[in-house]
Amino acid sequence: MATESEKIELSEDELREIAGYAADCARRALALFEQHRPADPRPREAIDAAYAFAGGGRRTAALRQSAWAAYRAAREAGVPAAIDAARAASHAAGAAYLHPLANAHQVKHVLGAAAHAARAEELASAQDGASAQDGASGTDGTLDWARHHAPPAVTAVLGRLPAAPPGGGRVGELMRDLGAALRA
């Protein structure tokens, strides 16, 4: 593995696979945002932009702007599950901007959408009382899905990066758990 300041190999095809995976993860939580803010299209637009890049589109300023717009939607959402769902969408669009550096921060570009989607699901389950009823953690669905649907590029690129950084609260914990499972 390279040191923190070294560049890693990263192809455009890998970036596209990672962006598509991130969009798939974010899409799993999108309804949690839209049920609270049905007139706000920004997270959906960010996910659509990530899919467009994954499908062969260019990495443009509009793609980056859609990531920031979804981030602003998260700040305005007001409901914890909706906030994390919008952050997942922001990370999906931001996945296209993974830098070819062996830096732990770059793991967020790879797994941030999955971790925020899992947190949104966890918060929604807790709000609904589902986790208390069935004993499940509320993240089992998204994290399990993310673990089993990660394309080869996700595991290959994670293998070139250091582990996710410490901190980040519950989302950071979910990201580190997913990263460890995908590296195993």
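The values are calculated or read from the model by the stated rules, or taken from the named source; none is laboratory data. If you're wondering where the values come from, they're calculated on a predicted model, not measured in any experiment. Reconstructed Cβ throughout: ideal geometry from the backbone, glycine too, with neighbour counts over all protein chains shown. Protein only, heavy atoms only, side chains kept; ligands, DNA and RNA dropped before computing areas. Shrake-Rupley method; radii C 1.70, N 1.55, O 1.52, S 1.80 Å.
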### Task
Being open to solvent by less than 30 Å² (accessible area, probe 1.4 Å), part of a helix (DSSP H, G or I) and modelled with pLDDT of 95 or more is the filter here, so list the residues in region 125-153 that pass it.
146, 153
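Take the residues in region 13-48 that are part of a helix (DSSP H, G or I) and either of a type in the set (Ser, Thr, Tyr) or touching a Gly at 6+ places or on another chain (Cβ under 8 Å) (or both); name whichever of them is farthest from residue 118 (Cα to Cα).
Going through region 13-48, the residues part of a helix (DSSP H, G or I) turn out to be 13-27, 30-34, 42-48.
Now restrict to residues that are either of a type in the set (Ser, Thr, Tyr) or touching a Gly at 6+ places or on another chain (Cβ under 8 Å) (or both): 16, 20-22.
Details: 16: 22, 20: 17, 21: 14, 22: 12 Å.
Step by step, filter region 13-48, then rank; the result is 16.
Report yes if residue 19 is within 22 Å of residue 123 (Cα to Cα) and among the hydrophobic types (A, V, I, L, M, F, W, C), otherwise no. Can you show your working first?
Working: within 22 Å of residue 123 (Cα to Cα): no; among the hydrophobic types (A, V, I, L, M, F, W, C): yes.
For residue 19, the condition - within 22 Å of residue 123 (Cα to Cα) and among the hydrophobic types (A, V, I, L, M, F, W, C) - is not met.
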#### Entry: region 158-169: number of residues that are in contact with a helix residue (DSSP H, G or I) (Cβ under 6 Å, 6 or more places away or on another chain) and assigned to a helix (DSSP H, G or I)
1
### Failed item in (1) surrounded by 20 or more Cβ atoms within 10 Å (Cβ to Cβ); (2) more than 27 Å from residue 56 (Cβ to Cβ); (3) not polar (S, T, N, Q), with residue 27 passing the rest
(2)
### Message
I'd like to check something: does region 77-85 contain any residue that is outside any loop (DSSP other than H, G, I, E, B) and of a type in the set (Val, Ile, Thr)?
### Response
yes
### Query
So, of the residues in region 49-71 that are basic (Lys, Arg) and not in a helix (DSSP H, G or I), which turns out to be farthest from residue 90 (Cα to Cα)?
58
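If you check residue 79 against the conditions, is it more than 25 Å from residue 161 (Cα to Cα) and touching a residue at least 12 places away in the same chain (Cβ under 8 Å)? Break it down into steps so the answer makes sense when it comes.
Values: more than 25 Å from residue 161 (Cα to Cα): yes; touching a residue at least 12 places away in the same chain (Cβ under 8 Å): yes.
So residue 79 fits the description; yes.
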### Query
Can you spot a residue in region 154-168 that is closer than 26 Å to residue 78 by Cβ, loosely packed, with under 15 Cβ neighbours inside 10 Å and at pLDDT 90 or above?
yes
